[in-house]
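The values are calculated or read from the model by the stated rules, or taken from the named source; none is laboratory data. Values in this document were obtained by computation on a predicted structure and should not be read as measured data. All Cβ positions, even for glycine, are placed from backbone atoms using ideal geometry, and neighbour counts span all protein chains on display.
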Amino acid sequence: MIHWLVPFAGAAAVAFAALMLAQRSLYAAAICFLAVVLQVAVLLYASGARLLALLLLLIYAGAVAVLIVVSIQASGGDQRTAAPRSRWNRLGLPWPLLWVGLLLPVFDAALLAARAVGTPTSGTASDLALGPALFGPYAAGAEAVALLMLFAALAVIKSPEEKG
Amino acid sequence: MSAVVWAVSGMLFLLGLAAVVLRRQLLAMFLGLELMVVAGALALGHEAGRAGLAEGLVAVLLVLAVAAAEAVVGLTLVLRVHWSGRPTEADALRELRG
């Protein structure tokens with residue numbers, strides 16, 4: 001069943017990426033991007049990189065997608081493309097697209113769960129080796145990336161000259 | 001399975017590149033950039049997961065963390081362009097100050 005799931009998730013990812021390119025509404029494009037990330041996480045899970053799939057969801061579907069939506073709202077970037085009298089949504093967001101994008105991962109998860117019945121749920125060997133590798137020989141790289149993220153967070157703060 | 005994932009990764013990268021080249025809104029271009037990063041992470045993560053290489057997973061994890069930091073900086077730049085009163089479109093940003 002997993003061999004059938006991979007082409008399905010891949011086709012869904014490419015379809016939503018093409019839809020993202022075609023959308024005029026930034027909100028709809030962000031939803032399409034979120035759907036692509038969810039399908040890519042399914043592909044990573046099917047490839048044996050379970051922990052990476054979870055981290056992809058945490059970082060992209062959790063943090064980056066929220067940042068993108070907040071940025072669209074804060075910048076008013078969707079004012080020209082929004083269609084307040086749209087049949088589907090005041091934001092010009094097509095509800096069928098939203099539902100398909102968010103329900104597809106549920107379908108994928110059901111397929112994965114059906115496959116996993118009766119099999120042990122322990123992590124794969126690569127997942128188990130990720131922690132020791134990350135905080136062992138690659139600890140300096142992990143620390144450098146953590147510092148980079150701290151400096152990136154400082155970019156949001158306005159300087160006194162900008163406030164004045 | 002591997003060929004399918006590589007094909008999907010390549011198509012996602014091309015679609016992200018098309019979004020960067022064809023769209024003019026900065027946020028839409030940013031979405032294309034993130035799609036390209038995700039496509040690269042998919043290809044690398046698939047091979048690392050299939051071969052059971054922890055080093056590959058570490059590389060993907062670090063790439064994702066750097067991409068998250070890049071997202072913060074990029075979105076902050078877009079917001080500052082908006083706060084400065086200029087339109088958040090690539091065509092309107094042709095000059096640097098200073």
Taking residue B:57, is it without any contact (Cβ under 8 Å) to a residue 60 or more places away in the chain and in a helix (DSSP H, G or I)?
yes
Do we have residue B:89 as within 15 Å of the chain's Cα centre (by Cα) and of a type in the set (D, E, K, R) here?
no
Looking at B:3, B:65 in this structure, which one is facing another protein chain (nearest Cβ under 7 Å) and in a helix (DSSP H, G or I)?
B:65
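From the list A:36, A:14, which residue is over 16 Å from residue B:64 (Cβ atoms), among the hydrophobic types (A, V, I, L, M, F, W, C), touching a Leu at 6+ places or on another chain (Cβ under 7 Å) and not assigned by TED's automatic domain parsing to the domain that holds residue A:153?
Details: A:36 fails: over 16 Å from residue B:64 (Cβ atoms).
Exactly one of A:36, A:14 is over 16 Å from residue B:64 (Cβ atoms), among the hydrophobic types (A, V, I, L, M, F, W, C), touching a Leu at 6+ places or on another chain (Cβ under 7 Å) and not assigned by TED's automatic domain parsing to the domain that holds residue A:153, namely A:14.
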Can you tell me which of A:50, A:24 is of a type in the set (D, E, K, R), closer than 30 Å to residue A:131 by Cβ and in contact (Cβ under 8 Å) with a residue 40 or more places away in the chain?
A:50
Of those in region A:23-33 that are hydrophobic (A, V, I, L, M, F, W, C) and facing chain B (nearest Cβ under 10 Å), the residue farthest from residue B:11 (Cα to Cα) is A:26
